[in-house]
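Taken together, the values in this text are just the output of simple stated rules run on the coordinates, not laboratory data. On a predicted model such as this, the values are computed, not experimentally measured, just so you know. Backbone-built Cβ (ideal geometry, glycine too); neighbour counts: all protein chains shown.
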Amino acid sequence: MFGCLVAGRLVQTAAQQVAEDKFVFDLPDYESINHVVVFMLGTVPFPEGMGGSVYFSYPDSNGIPVWQLLGFVTNGKPSAIFKISGLKSGEGSQHPFGAMNIVRTPSVAQIGISVELLDSLAQQTPVGSAAVSSVDSFTQFTQKMLDNFYNFASSFAVSQAQMTPNPSEMFIPANVVLKWYENFQRRLAQNPFFWKT
């Protein structure tokens, strides 16, 4: 049902099922891992209205597992990249793996996936430093900004019949703004970083 990927290592697809709705992957030599990708294999979707919260666990100085919520995966968001390198010194959070006696060795961290209701996932707050910035979030921001600008500028549009002559004021035709908007969207779709050149 799930897979786990760390750069430079083989893909893990055989999660250990520790409960009916809980799965874990071992991450040996976790000190050298910066990012981890958790994804659905595409063979078994979540049941309707369900998703999976993703946790990272590492042993503290006493060997006790510290669990931190990274985020989630769902049928609509079947994969996610998480930064785990900065989490090792953080504090643990509430997690569904507490009562379980999961076999582990001291130098091995774990990724845990807990199948839960989507409503429940929406109310959880992941560790802030686990989120990885992506082109998608930048592209989404830019798209929202473009939409907002176009809608704002269009709200001031008037027809030529409605215009009152004012020599000190400049007018930009709405079709010019629309043309700019469409060109920017097209260039953004081709290369999200075109604006850097």
Once the Cα atoms of helix 174-190 and of the chain are each reduced to a long axis, what angle between those two axes, in degrees from 0 to 90 to the nearest 10, is obtained?
30
Obtain the nm distance between the two label points defined at Asn183 and Asn62 by a simple spin-label model: each point lies 7 Å from its Cα along the Cα-to-C-beta direction.
6.5
Members of Lys144/Lys179; Lys144/Lys196; Lys83/Lys144 lying beyond 23 Å, as alpha-carbon distances in this model show
Lys83/Lys144
Residue-averaged [θ]222 nm for the chain, counting only DSSP H segments that reach four residues, each worth -39500 (n - 2.57):
-7000 deg cm²/dmol
